[in-house]
Amino acid sequence: MYWSSVCLKPSPLASNDSIPVAQPISALGATAPQHQTSLSRSLGWALYWADELAIYLMIWAVLVGASISVKLRTGIAVRLLHDFLPERGTRLVDMMVDTLVLACALSLLVFSWIWYDPALLIASGFDIGAFKTASYNFIYHEPTVTLGIRKFWLWLIMPVISVTMTIHSVSNLLQALAGEALHITLKD
C-alpha cells in the first residue's frame, strides 16, 4: 500500500490519487510569489524577497517532481531498443536503466552527505564557527540575500530528495528483478 501524502488514506500506487491534487497546489505555491512581485512592482513597491522565495520554491518543485518521476518511471526516455528487442532483452534494458538511476540517486545521497557533513557538525558540538574552521564549508553560515534565513534550511531539499529517489529507484529495481512491470497511466 502507498500512503497518499495529500489524501491521507491508503491507496494503491497505480491510482495516483494525490498527484492531481498536489500538482495545482505546488504550482500555485511556486508561482504565487512571482505574481505578487509583478503586481507590487507595477504599483511601485517591490518586495524583493518574493523573487528569491520563488526561485527556491521552483527548485523544490522541480526536485520533488523528479523524485515522483523516478517512482512512476515517467521520465523522458528514448526507447528505440525496445522496438527491436525481444521481451527478455527489453526487461534487461529496463533493469540497466533502473540500476543507472539508482547509481545517480546514491551519488546524490553521497554528495549531500559530503556537503552537509553531519559527522563533523556533531564532532564540533554543533558550533558553526568550529565547523567552518575545520572544513572551510560555510553551508551552515551563509544567509539568504533577502529572506534572512540560513541557506542550509532551503538546501535541505537535496538530502531529502536524494533519500526519496534512492528509495524509489531501489523499489523500481526490485520490481524489475521480480519481473513486475510498472504501468501507470495518469488521469486527465
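For region 135-143, the criterion of being assigned to a helix (DSSP H, G or I), β-branched (Val, Ile, Thr) and buried (at least 16 other Cβ atoms within 10 Å of the Cβ) is satisfied by no residue at all.
Is region 59-71 home to any residue that is at positive phi, surrounded by 14 or more Cβ atoms within 10 Å (Cβ to Cβ) and of a type outside the set (S, T, N, Q)? No: zero hits.
Residue-wise test of (1) of a type in the set (Phe, Trp, Tyr); (2) under 21 Å from the mean Cα position of the chain (by Cα); (3) assigned to a helix (DSSP H, G or I).
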{"position": "Leu108", "(1), (2), (3)": "no, yes, yes"}
{"position": "Leu120", "(1), (2), (3)": "no, no, yes"}
{"position": "Ala130", "(1), (2), (3)": "no, no, yes"}
{"position": "Gly148", "(1), (2), (3)": "no, no, no"}
{"position": "Val160", "(1), (2), (3)": "no, yes, yes"}
{"position": "Val163", "(1), (2), (3)": "no, yes, yes"}
{"position": "His168", "(1), (2), (3)": "no, yes, yes"}
{"position": "Leu173", "(1), (2), (3)": "no, yes, yes"}
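Here region 105-130 is the region considered, the condition is being without any contact (Cβ under 8 Å) to a residue 40 or more places away in the chain, surrounded by 14 or more Cβ atoms within 10 Å (Cβ to Cβ) and of a type outside the set (Asp, Glu), and the residue that is nearest to Ile157 (Cα to Cα) is Leu121. The helices (runs of 4 or more DSSP H) found entirely in region 3-106 that carry 3 or more residues being among the hydroxyl-bearing types (Ser, Thr, Tyr) and modelled with pLDDT of 75 or more are 19-42, 48-72. Listed by first and then second residue, the pairs with beta-carbon distance under 6 Å, at least 6 apart or on different chains, first residue in region 40-51 and more than 9 Å from Thr146 (Cα to Cα), second part of a loop (DSSP other than H, G, I, E, B), are Ser40/Ala46; Ser40/Leu47.
For Ile184, the requirement of being in contact with a strand residue (DSSP E or B) (Cβ under 9 Å, 6 or more places away or on another chain), assigned to a loop (DSSP other than H, G, I, E, B) and either modelled with pLDDT under 95 or not small (Gly, Ala, Ser) (or both) is not met.
The values are calculated or read from the model by the stated rules, or taken from the named source; none is laboratory data. If you're wondering where the values come from, they're calculated on a predicted model, not measured in any experiment. Cβ sites come from the backbone with ideal geometry, for glycine too, and all protein chains shown count toward neighbours.
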